[in-house]
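What follows is a set of notes on a single structure, which appears directly below.
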Amino acid sequence: MDLKFTSSRKYISISVPSKSQTMSPHIKSVDDVVVLGVNLSKFNKPTQFFICVSGVFMFYLIYGYLQELIFSVEGFKPFGWYLTLVQFGFYSIFGLIELQLVQDKRRRIPGKTYMMIAFLTVGTMGLSNTSLGYLNYPTQVIFKCCKLIPVMVGGVFIQGKRYNIADVSAALCMSLGLIWFTLADSTVAPNFNLTGVILISLALCADAVIGNVQEKAMKLHNGSNSEMVLYSYSIGFLYILFGLTCTSGLSPAVTFCSKHPVQTYGYAFLFSLTGYFGISFVLALIKIFGALLAVTVTTGRKAMTIVLSFLFFAKPFTFQYVWSGLLVVLGIFLNVYSKNMDKIKLPSLHGVWKKSVEERKTRTLSQTV
């Protein structure tokens, strides 16, 4: 369609491209959110949320069990980085297979962004796996439950977000619960090591940044989950391979795992498969509902993982774990409340105080009369 207006001085032309013309790649269109072959865009928001949460809980609970099972193999604890290398290799293969099943195979997110995401992914997963060589599994998980704290900090500095008093209170509760849990672990765990605390803390910082960077990149460039997984983990695989080669950490790990192939590579395959499925649902949560809600869901999953860890694997126990864990759960509740303030109405301190003053005035007036 062309509209032309001519005069001696002006010429205006408005053109609308036909269907056969190709749209500029810089013009963003809203793609369907597809997870493991299921198009979530066909469902309403509550159904999307239920599917994503169910997928996160189911696959990551199995993932956590297998992770602790691998590190329970005698002599494996020094090889956390090699496990991360194997995990990244499997993730890259899974991502390549999934990408071949979709029609649009274009890479939409810039390579520089993927290099940064890959570096952060290596940090969060490699440091997290390595920390299990120094910490009890529940202690590692309780630290990961408090990822909300660095995510909020990252949200402020990376995306310019602002958080309300409920979010700040949630972060404080999680911080106090985390400190209490760590102190309890240091008194009852025979293998407590401060190195593990430092490693998992650094992993949390990387995890906080990566959630915000992934959310920003996927929304800005409209990238797919399979694309994000393939490029970030394949580049991360090269990072880890280079690091292990330079530090001579590759040969001892390969030698050890070749002596226990089923307990290492076999478990690692299932561990990676369930983790890949789980991360697909996490990325869908990030893309649909945002990083903060995704962190809240994964935090609830981690709390259940702690309970299962005490049930399936023998380890020291103290009730300080329970009280500090409840404090972290309170922080999670405050975070959920802050996202649903329009649906959940709790009395404010000012309202309670004002109501109390009015009742006193009414009581005094009735006594005077």
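Residues whose amide H falls under 5 Å from that of residue 38, counting only those 5 or more places apart or on a different chain, are absent, with hydrogens built in the peptide plane. In plain terms, the chain from residue 246 to residue 36 could stretch by 71.9 nm, reckoned as 0.36 nm per residue minus the Cα-Cα distance. Per-residue extension of 0.36 nm, minus the Cα-Cα distance of residue 194 and residue 221, leaves a gain of 5.7 nm for this segment. Model label points for residue 156 and residue 258, set 7 angstrom from Cα along the Cα-to-Cβ axis, are 5.2 nm apart. Among the listed pairs 77/259; 45/112; 45/219; 112/219; 45/216; 216/302, a Cα-Cα separation exceeding 22 Å is found for 45/112; 216/302. Residues 43, 94, ordered by accessible area of protein heavy atoms at a 1.4 angstrom probe radius and largest first, appear as 43, 94. In a fully extended conformation the segment linking residue 311 and residue 69 would gain 85.8 nm over its present Cα-Cα distance, using 0.36 nm per residue.
Sorted by average packing, counted as other Cβ atoms within 10 angstrom per residue and highest first, what order do 163-176, 74-87 take?
Working: 163-176: 17.4, 74-87: 19.8.
In descending order of packing, they fall as 74-87, 163-176.
The values are calculated or read from the model by the stated rules, or taken from the named source; none is laboratory data. Since the model is a prediction, treat every value here as computed from it, not as a measurement. Here Cβ is always computed from backbone atoms with ideal geometry, including for glycine, and neighbour counts include all displayed protein chains. These area figures cover heavy atoms from the full protein model, side chains too; ligands, DNA and RNA do not enter into them. Shrake-Rupley method; radii C 1.70, N 1.55, O 1.52, S 1.80 Å.
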